[in-house]
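Report on the following structure.
The values are calculated or read from the model by the stated rules, or taken from the named source; none is laboratory data. Bear in mind that the values here come from a model prediction, so they are computed numbers and not experimental data. Using ideal geometry, Cβ is built from the backbone for each residue, glycine included, and neighbour counts are taken over all protein chains shown. Note: accessible area is taken over every heavy atom of the protein model, side chains too, but ligands, DNA and RNA are not part of it. Shrake-Rupley method; radii C 1.70, N 1.55, O 1.52, S 1.80 Å.
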Amino acid sequence: MTLPDLYPLAFLGDLIATRAEVSLKLQRYDEMSGGGDGRRWAAELAPPLWTASFDLNNLSRDCIGRARSTDARFRALGTNRAFLWADPTYSGPAIGAPAHLVNADVRVAGFSADRTRITFSGLPAGFEFAAGDRFSAPWGTGRYYLGEIADGGAVAGGSVQVAVYPYPPLSLQVGAQIELLRPVCRMFVPDDGYTPYSYRRGSAATGASVTMLEKR
């Protein structure tokens, strides 16, 4: 089988689900300047990118094959391949009932003029977004936008408009389907971003960790 340029979630992302703490943050690309009177100015040179880091589960002797498979797939990524990843610590919207969203067809219904707010449609009555809820949506070819709700809001008349960050790319269009329960992000591993398992003969595989960066 020829490896795809974008590993699907089941090929690697599910393999590295962890019980350890996950650190998810935005890496910003800002330029700062200022004057002697204490004033400061900042300019965003490029959109911020999600970055995540965590330790992988230690594996027992019975799971050595899984450890070796994980190592091999990370090594095969090289510099150009990416993979889909979903944060294993994220359990869906904080207030809205996830059970109501399993079969919901949630979509982008519109944007504010400055694209700092998104209107969502297809949400059940009574659903409410909370700040910190996440979502993802496909845009372009093999690309996924992972957004975070910056200010909550309740559904009224079948839709709701909320503030989001990072701001959605221009290629994200009205009608895009939204994933709320298990949002994904397209990631790659920078140089030295993956520490492979250490193996003890006849025993366990331990010490693997990964730091990944969003690939737009």
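Summary of values
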read-out	value
Cβ-placed point charges (K, R +1; D, E -1), dipole of segment 98-181 about Cα centre in debye, nearest 20	220
Helix 64-77 axis, angle to the chain major axis (alpha carbon atoms, nearest 10°)	60
Calculated on alpha-carbon atoms, Rg and Dmax of segment 140-179 in Å	11.5, 33
Residue (of F120, Y145, A156) at the positive-pole extreme of segment 98-181, dipole from beta-carbon charges	Y145
Å² of accessible area per residue within the chain, as computed with a 1.4 Å probe and no ligands counted	53
Sum of -39500 (n - 2.57) over DSSP H runs of 4+, divided by residues of the chain (222 nm, nearest 500)	-2000 deg cm²/dmol
Whole-angstrom gap from segment 18-51 to segment 156-216, using each part's C-alpha centre	18
For the chain, size of Cβ-based charge dipole, Lys and Arg +1, Asp and Glu -1, in debye	660
Cα pair distances exceeding 20 angstrom across segment 98-181, given as percent	23
Sulfur and carbon atoms: percent of accessible area, segment 78-200 [1.4 Å]	48
Selection from A109, Y167, S198 lying farthest towards where the dipole of the chain points positive, charges on Cβ	S198
Taking the C-alpha atoms of the chain, convex hull volume expressed per residue in Å³	168
Most to least packed among 39-49, 9-19 [average Cβ atoms within 10 Å]	9-19, 39-49
